[in-house]
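One structure is given below, encoded as structure tokens.
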Amino acid sequence: METKTAIVQIKNLFKSYKRGNQIIPVLQDITLDIADNEFMALMGPSGSGKSTLLNLIAGIDKVDSGSVSIEGIDITSLSETGLAKWRSSHIGFIFQFYNLIPVLTAFENAELPLLLTGLSRKERKEHVEMALQIVNLSDRMKHYPSQLSGGQQQRVAIARAFVTDPAILVADEPTGDLDRASAKEILDLMERLVHELGKTIIMVTHDPRAAEKAHIIRHLDKGILNANTQTSL
Amino acid sequence: MQILKLLFKNSFRHKLRTSLTVFGITIAILAFGLLRTVVSAWYAGVESSSASRLVTRNSISIIFFLPLSYKEKIRQIPGVKDVSYATWFGGVYISEKNFIPNFAVDVKTVFDLWPEFVLSEDQKNAFIRDRKSCVAGRKIAQKYGWKIGDTITLKGTIFPGNWDFVLRGIYKGKYKSSDETQLFFHWDYLNESLKKTATNRADHVGWFTVNVTNPDLASDVAAAIDKTFKNSLAETITETEKAFQMGFVSMTEAIVIAVRIVSFVVIVIIMAVMANTMAMTARERIGEYAIMKTLGFGGWHIAGLIFGESLIISFIGCALGIAATYPAANAFGDAMSTYFPIFNVQRETIYMDIAATFIVGIVAAVFPAWRAVKVSIADGLRRIG
């Protein structure tokens, strides 16, 4: 069997939040490796720390202690500016509520992360058209989010997530706001991104049907990562 | 897609709110512009004063006259080029609400000393020839529909009686700041009458206007004039025309200061309105800014979007306000021409409009931008949904 290299390496990670004078532990001693080109689902009850872990992997929250290495870079040592720059090229985000900018068209929303690159207008256009073609929305480029269905909006959000060609996509309940048919379309699309474009996807979900699409399912409970690894392949 | 496009689209996302804010800024800039123009109009006489003209008046008060005989003595003082004289007539045209600045002047010298009042040679000669004639400014002639040859009757308040003058000329201002609302007639005509009715006032004038050969010598010439008449029955005070005009303005300085303060209060009020708009906008978009941060946009990008949006809204209001200022100032100037003969929107006023708008746009965005930059992505994302 082929041994995959770990693209995400988390060691002894602790994270807590302060509520008034109280310190609430959210993640406790998490150690986790995620292999390159893997589709991992992170499951667990509400408040178990799934989204917090996802945010820490994506570099949008700070750890209390421990390390998070992505593609060999310890992101816990990066400054805010360094993290912002790192995110723009290494991580793609997919949110539950799509979070598209309502005043921008599908094309413009997908183009947004490319504005931070040094690409020319023509190059950006090519990248965006390619991304929207992959998510099968070439005919909806000029539509505004309000003119698209939930599933279509999520596909635009996915195009926005991978248009800069990051190695890792993090998805927080990507099907949580969709009907079953649309959810299936999104999951199929994410599966294609793993198989055809070689992306690594880490997906937080409550939905066992969504988790079934993942290669590996990990469970979090009260901030502790369950040792059992469920493999769906 | 460019960031600018996003800025413009964001600016008009809440059309009603943006429109009301723009309207507020438009009104504020219009009010600010008009109030500043009122202040400028107040100082118009001072601003249009010549550095080479001095005014010699009675040292007790302007209401006390000076003997006409001083003219020749003043003329002989070194540094003096020309001397003219005038008396405030204070006549009323039809009724007291029709205020016209009217003066009895030395017709031979008046247009030499005030080259900014332009009168054709024909009209000047006709004016000099006819002792019962007068010359009026273009604006005042237009206002009352006067034409050359018309008889204008002024009711004397200082010099009682009805005084008829035949209009022989209409002068134009050489500059935008030249006063075109005055009326001049022969001092000789007034003096003739005074010789019969008030002999103690005859052969006296209100003040002398002295043209100096070199403006740098103005203070020396002024001192020499006053020295000449020291210990006489009518001692003099000679000052530059600017100081003379300023003396009138300073009598009403409290009003000018009040108008100035109000103009700045208007800006402070609109700053608060704009800040409220930007605070609401930024609060609503905290989640969106968090999304942009996750995509790699830094704090400066987010701050730039907020400052940019604030400046766009402010400057749209400013542009409309400036555009409205000119017709409003014209209408206001026409309606108030009795009090403000020169009511022009100064270039400095427009610069101040722009500076005030820039300050409003920046100040209004400081707190929302700071908050949007400071909020963590995780906190921002929690506010979505």
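The stretch between B:Tyr43 and B:Asp379 holds 115.3 nm of extra length on full extension. This uses 0.36 nm per residue minus the Cα-Cα distance. In plain terms, the chain from B:Ile148 to B:Val259 could stretch by 36.0 nm, reckoned as 0.36 nm per residue minus the Cα-Cα distance.
Less than 17 Å apart at the alpha-carbon level, and either on another chain or at least 8 residues along: which lysines does that give for A:Lys199? List returned: A:Lys4, A:Lys213. Mean residue ellipticity at 222 nm, helices only, chain B: -18000 deg cm²/dmol; runs of at least 4 DSSP H residues each add -39,500 (n - 2.57), and the sum is divided by the number of residues.
Please label the shape of the range B:60-234 as rounded, prolate or oblate, based on the square roots a ≥ b ≥ c of the eigenvalues of the alpha-carbon gyration tensor (a/c under 1.5 means rounded; beyond that, a/b larger than b/c means prolate, else oblate). Cα axes put the range B:60-234 in the oblate bin.
The alpha carbons of the range B:214-341 give a radius of gyration and a Dmax of 27.5, 89 Å, in that order. Give me the percent of DSSP beta bridges within the range B:60-234 that run antiparallel, rounded to the nearest 5. Around 75 percent antiparallel, to the nearest 5. Once the Cα atoms are used to define both axes, helix B:347-374 deviates from the longest principal axis of chain B by about 20 degrees. The simple spin-label model puts a point 7 Å past each Cα toward its Cβ; for A:Lys18 and B:Ser120 those points are separated by 8.6 nm. Separation of the range A:13-51 and the range B:83-115, taken as the distance between their Cα centroids, equals 90 angstrom. Taking label positions 7 Å along the Cα-Cβ direction at both A:Arg192 and B:Asp82, the computed distance is 9.1 nm, reported to one decimal. Residue separation of B:Phe248 and B:Thr199 scaled by 0.36 nm, minus their Cα-Cα distance, works out to 14.7 nm of gained length.
Let's test the formula: R0 of 51 Å, r as the Cβ-Cβ distance of B:Ser219 and A:Ser77. What FRET efficiency results, to the nearest 0.05? That pair, B:Ser219 with A:Ser77, gives E of 0.10. Taking other Cβ atoms within 10 Å as a rough exposure proxy, B:Thr26, A:Thr117 sort from fewest to most as A:Thr117, B:Thr26.
Positive-end ranking of B:Ala223, B:Ser40, B:Gly361 along the dipole of chain B, with charges on Cβ about the Cα centre, is headed by B:Gly361.
Using θ = phi - 60° in the Karplus curve 6.51 cos²θ - 1.76 cosθ + 1.60, the 3J(HN,Hα) couplings for the range B:247-263 round to x, 6, 5, 5, 5, 10, 4, 4, 5, 4, 4, 4, 5, 4, 4, 4, 4 Hz; x is entered for Gly and Pro.
Reducing the range A:58-73 and the range B:297-313 to their Cα centroids gives an inter-centroid distance of 29 Å. Stick to Cα atoms and the Kirkwood definition of Rh, then tell me Rg/Rh for the range A:1-151. Across the range A:1-151, the Cα-based Rg/Rh ratio is 1.02.
As a test, work out the antiparallel percent of DSSP beta bridges whose residues both lie in the protein assembly as shown, rounded to the nearest 5. Taking every DSSP beta bridge with both residues in the protein assembly as shown, the antiparallel ones total about 70 percent. By the count of other C-beta atoms within 10 Å, a proxy for reagent exposure, A:Thr105, A:Thr205, A:Thr81 are ordered fewest to most as A:Thr81, A:Thr105, A:Thr205. Computed from the Cβ-Cβ distance with R0 of 60 Å, the FRET efficiency linking A:Ser65 to B:Asn330 stands at 0.25. Taking the charge dipole of the range A:81-127 about its Cα centre, with +1 at Lys and Arg Cβ atoms and -1 at Asp and Glu Cβ atoms, the residue from A:Ser120, A:Pro102, A:Gly92 reaching farthest to the positive side is A:Ser120. Over the protein assembly as shown, with a single point scatterer placed on each C-alpha, what log10 of the ratio I(q)/I(0) does the Debye formula yield at q = 0.09, 0.10, 0.12, 0.13 1/Å? Normalising to I(0) and taking log10 leaves -0.77, -0.88, -1.15, -1.27. Charging the Cβ of each Asp and Glu at -1 and of each Lys and Arg at +1, and nothing else, the dipole of the range B:60-234 about its Cα centre rounds to 300 debye. In whole angstrom, chain B maps to an equivalent ellipsoid with semi-axes of 60, 22, 16, each derived as √(5λ) from the alpha carbon gyration tensor and ordered largest first. Of all lysines in the structure, the ones whose alpha carbon falls short of 16 Å from that of B:Lys73, not counting any fewer than 8 places away in one chain, are B:Lys81, B:Lys227, B:Lys230.
Relative to the Cα centre, the charge distribution of the range A:6-231, modelled as +1 at Lys and Arg Cβ and -1 at Asp and Glu Cβ, gives a dipole magnitude of about 420 debye. Whole-Hz Karplus values for the range B:66-79 come out as 10, x, 4, 4, 5, 4, 5, 5, 5, 4, 7, 6, x, x Hz, taken residue by residue from phi with 6.51 cos²θ - 1.76 cosθ + 1.60 and θ = phi - 60°; glycine and proline positions read x.
For the range A:1-110, build the charge dipole from Cβ charges (+1 Lys, Arg; -1 Asp, Glu) around the Cα centre, then report which of A:Thr5, A:Gly47, A:Ile73 sits farthest towards its positive end. Sorting the options by dipole projection puts first A:Gly47. By the count of other C-beta atoms within 10 Å, a proxy for reagent exposure, B:Lys71, B:Lys5 are ordered fewest to most as B:Lys5, B:Lys71.
Just so you know, all these numbers are worked out from the coordinates, no wet-lab data involved. Fair warning: this is a prediction, and the values are worked out from it, not measured in the lab. FYI the Cβ positions are ideal-geometry reconstructions off the backbone, even for glycines, and counts take in every protein chain you see.
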